[in-house]
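Structure, as structure tokens:
Just so you know, all these numbers are worked out from the coordinates, no wet-lab data involved. The shown structure was predicted, so the numbers you read here are calculated from the model rather than taken from an experiment. Glycine also receives a Cβ, built like all others from the backbone with ideal geometry; neighbour counts cover every protein chain displayed.
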Amino acid sequence: MRAATFDTTPPFLHEKARAVRDKVFGPRVFVRGVVEVSSHCRENCRYCAMRRDNRALTRYRLAADELAELIIHQRPASITDIDIQAGEDPVAVREVVLPLVRELRRRTNLGITLCLGTLSQQEYDELREAGGDYYVMKIETGNPDHYDLIGAPGSLAERVAAICYLARTGWKVSSGLIMGLPGQTSAEVEQTLNLLTLLPLAGCSVSPFVAGEQTPFGTSPNGDIEQTLNCVARLRLCAPHWIIPAVSAMRLVSEDGYVRAFKAGANLATINLTPSSARADYPIYKRDRIIMDEERVLSAIADAGCDFSPIGIADHLRNAPEVVLPKGVNIFA
Ligand code: SF4
């Protein structure tokens with residue numbers, strides 16, 4: 001990551017990052033809705049309760065037609081984009097996500113974000129053809145050995161190759177890291193940030209690690225909110241054009257962490273639209289996670305002195321300059 005030429009101690013770092021966000025986007029925050037369509041997962045990440053070895057979890061897949069009705073008729077007016085998320089579940093991709101994306105594309109102008117894990121190139125192509133705009137593919141850590149230690153999907157090289165494939169085939173891609181993962185060193189954080197800045201990304205997230213119940217890391221300490229927010233600010237300064245979310249885990253580890261993320265340069269918020277009957281069985285952090293409903297999200301945006309964006313992520317990125325790999329970085333392809 002490039003060396004900063006200004007005072008890098010908070011709050012100056014956050015102020016500088018906020019000023020850069022305001023210069024590029026204005027004091028505005030994209031608002032998307034998320035539906036968590038399946039809690040089945042074939043992967044076994046050691047930091048996630050949806051891992052396949054967690055037999056205590058009740059698994060579900062939601063129905064495409066019911067989700068379409070919910071999104072089309074009941075979404076809050078502030079939402080411009082929909083994020084369809086699932087564990088790594090090819091059945092859900094085929095039976096729920098593809099028909100849902102086609103229906104949303106046919107009946108709405110919503111931008112469509114997908115966060116479905118590492119799939120085959122054919123599946124990415126089908127999802128893109130169906131109408132997907134933006135794919136979220138987090139690397140979590142940029143050190144190959146640490147990646148293996150946390151049990152993240154496949155290998156880091158495969159994950160990076162998938163990001164490059166998606167970008168080459170017309171997707172706008174977001175990635176991200178987890179701050180405070182067990183076994184993570186500060187050198188690995190720097191290595192991760194460096195790798196992220198080399199990738200063809202339109203957005204990037206940082207979440208504080210949350211020790212999930214029913215995971216091998218369940219007794220580890222949570223990530224530090226100050227380090228996480230400093231990382232938000234550094235991401236913004238290093239890539240002013242990135243879409244950088246505030247995530248609910250920030251609020252879970254610190255009461256005002258979510259609002260402070262916007263003050264540190266974040267520009268994306270997510271309203272949870274998953275039907276309440278399914279939410280407890282999608283334990284991305286823990287069963288009693290804080291659900292970011294419309295009221296919480298809009299008041300956090302206002303508390304940070306921002307407004308929600310009338311333009312969606314997909315529309316914004318459609319007009320943004322092409323993101324290309326820097327020269328010499330095709331080793332990942
Ligand atoms: S992080 Fe994603 S891929 Fe890994 S176990 Fe959880 S849902 Fe599955």
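Quick check: convex hull over the Cα atoms of region 133-187, volume per residue in Å³, rounded to an integer? Write down the numbers at each step before the final one.
Details: hull volume 4.1 nm³, N = 55.
Expressed per residue, the convex hull around the Cα atoms of region 133-187 is 75 Å³.
When the helices of the chain are scored as -39500 (n - 2.57) per DSSP H run of n ≥ 4 and the total is divided over every residue, the value at 222 nm lands at -10500 deg cm²/dmol. Simple rule: put +1 on each Lys or Arg Cβ and -1 on each Asp or Glu Cβ in the chain, find the dipole, and look at 290, 166, 246; the Cα lying farthest toward the positive end is 166.
Give the order of 241, 14 when sorted by the count of other beta carbons within 10 angstrom, beginning with the fewest. Don't skip to the end; give the middle numbers.
Values: 241 16, 14 20.
Listing 241, 14 from fewest to most nearby Cβ atoms yields 241, 14.
Taking the Cα centre of the chain as origin, sum charge times position over the Cβ atoms of Lys and Arg (+1) and Asp and Glu (-1), and report the length of that vector in debye to the nearest 20.
Values: 37 positive and 40 negative charges, 84 e Å.
Roughly 400 debye for the chain.
Count Lys and Arg as plus one, Asp and Glu as minus one, and take only other residues whose Cβ is under 12 Å from that of residue 173; the net charge is then +4.
Only Lys, Arg, Asp and Glu carry charge here, each on its Cβ (+1 for the first two, -1 for the last two); on that basis region 173-281 has a dipole of about 340 debye about its Cα centre.
Using the Kyte-Doolittle scale, find the helices of the chain whose mean hydropathy is at least -1.0 and whose Cα atoms extend 20 Å or more along the helix's long axis, counting only whole DSSP H runs.
Sorted by number, there is nothing, because no helix extends far enough and scores high enough.
By the rule of a second cysteine Cβ within less than 4.7 angstrom, the chain holds isolated cysteines at 41, 115, 164, 204, 231, 238, 306.
Given N residues in region 12-320, what is Rg(Cα) / (2.2 N^0.38 Å)?
Working: Rg = 17.7 Å, N = 309, 2.2 N^0.38 = 19.4 Å.
Output field value: 0.91.
Among 200, 144, 76, the largest mean-square fluctuation in a Gaussian network model of the chain, built with springs joining Cα atoms closer than 10 Å, belongs to 144. At an R0 of 56 angstrom, the distance between the Cβ atoms of residue 190 and residue 73 translates into a FRET efficiency of 0.75.
Let me check against my output: what whole-number percent is the relative contact order of region 12-320, with C-alpha pairs under 8 Å and at least 6 apart? All intermediate terms of the calculation are to be shown ahead of the outcome.
Values: 617 pairs, mean separation 80.1, N = 309.
With pairs under 8 Å counted, the relative contact order is 26 percent.
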